[in-house]
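All remarks here apply to the structure that follows.
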Amino acid sequence: MNISAIVMASGLSKRMKTNKLNLEINSKKIYEYILETIKKYDFHEIIIVSKDENILKKSENLGFYGVRNKKYYLGQSESIKAGINATENTDGFMFFVADQPFIKLTTIQKLCKEFYKNPNNIIMPYYNGTRGNPVIFPFALKDKLMSLENDDGGKVVINNNQDLVIRVDIITKYENIDIDTIEDYEKVKNMKM
């Protein structure tokens, strides 16, 4: 069974007013954390969708497939579609967001294991009771994902297919932190892990 990892790294960082993915935490760029973590898992393929040349170069240096998102300004749906269009022979799409740097390999393993047991379901992590990313969608929902528009994301497909959702509980101190604001960044930039 094949799972394709798709990292979405095309956001506009509107609340940060700078490309937050290039900010550093402990001398490492925010986006580098998730790339280095997913490299440790044996995915069928790893696709990075970005508008940023540095992110695409780093991704390709790690052996990933970089996809330039030329329509990033239209919203999150374009990253989803660009990522899916780049996949080949896959059974599931595991969507990561590049501004959630602290996901652990053990969490990825736990989610993928659940998908192997339930390949027709949506596998979703709940961090300390709150739903988050990465989410795995089965190939059967490809057309639903491809029909998303503007800033609609996977939540739309999840909300319309609640009967397919399998919840995976993750107890964690910081894995679910995503960096959306300067305040978020200030809290984590010197965090010791």
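The values are calculated or read from the model by the stated rules, or taken from the named source; none is laboratory data. What you are looking at is a predicted structure, and each value in this text was computed from that prediction instead of being measured. Don't worry about glycine lacking a Cβ; one is built from the backbone with ideal geometry, like all the others, and counts go over all protein chains shown. The protein model used for the area step is the full one, side chains on, heavy atoms only, and it has no ligands, DNA or RNA in it. Shrake-Rupley method; radii C 1.70, N 1.55, O 1.52, S 1.80 Å.
Annotations
- Derived from the Cα gyration tensor, the three semi-axes of the equivalent ellipsoid of the stretch 17-65 are 19, 13, 8 Å, largest first.
- Model label points for HIS44 and GLU60, set 7 angstrom from Cα along the Cα-to-Cβ axis, are 2.5 nm apart.
- Apolar share of the accessible surface for the chain: 44 percent from carbon plus sulfur atoms, 1.4 Å probe.
- Of LYS29, LYS71, LYS155, the one that fluctuates the most in a GNM where the chain has Cα springs shorter than 10 Å: LYS155
- Approximating the spin labels as points 7 Å out from Cα along Cα→Cβ, the ILE182-to-ARG167 distance works out to 3.7 nm.
- Take the chain with all the other protein chains still there, run a 1.4 Å probe, and you get 51 Å² of accessible area per residue.
- A Cβ-based charge dipole, computed about the Cα centre of the stretch 54-110 with Lys and Arg at +1 and Asp and Glu at -1, lands at about 180 debye.
- The chain: most fluctuating residue of ALA140, ALA98, ALA86 per GNM, C-alpha cutoff 10 Å: ALA140
- GLU183 accessible area, 1.4 Å probe, all protein chains in place, Å² to nearest 10: 120
- Remark: the ASP151-LYS117 segment gains 9.1 nm on full extension, using 0.36 nm per residue and subtracting the alpha carbon distance.
- Protection-proxy order for peptides 88-95, 127-134, each taking the mean of Cβ atoms within 10 Å per residue, highest first: 88-95, 127-134
- The Cα center of the stretch 21-56 and the Cα center of the stretch 127-193 differ in position by 17 Å.
- Rg(Cα) / (2.2 N^0.38 Å) computed for the stretch 70-193, rounded to two decimals: 1.09
- Cα-Cα pairs of the stretch 1-121 separated by more than 18 Å (percent): 50
- Binned Cα-Cα distances of the stretch 61-125, short to long, each 5 Å bin given as a whole percent: 3, 13, 20, 22, 24, 13, 4, 0
- Mean residue ellipticity (222 nm) of the chain, computed from DSSP H runs ≥ 4 via -39,500 (n - 2.57), nearest 500: -8500 deg cm²/dmol
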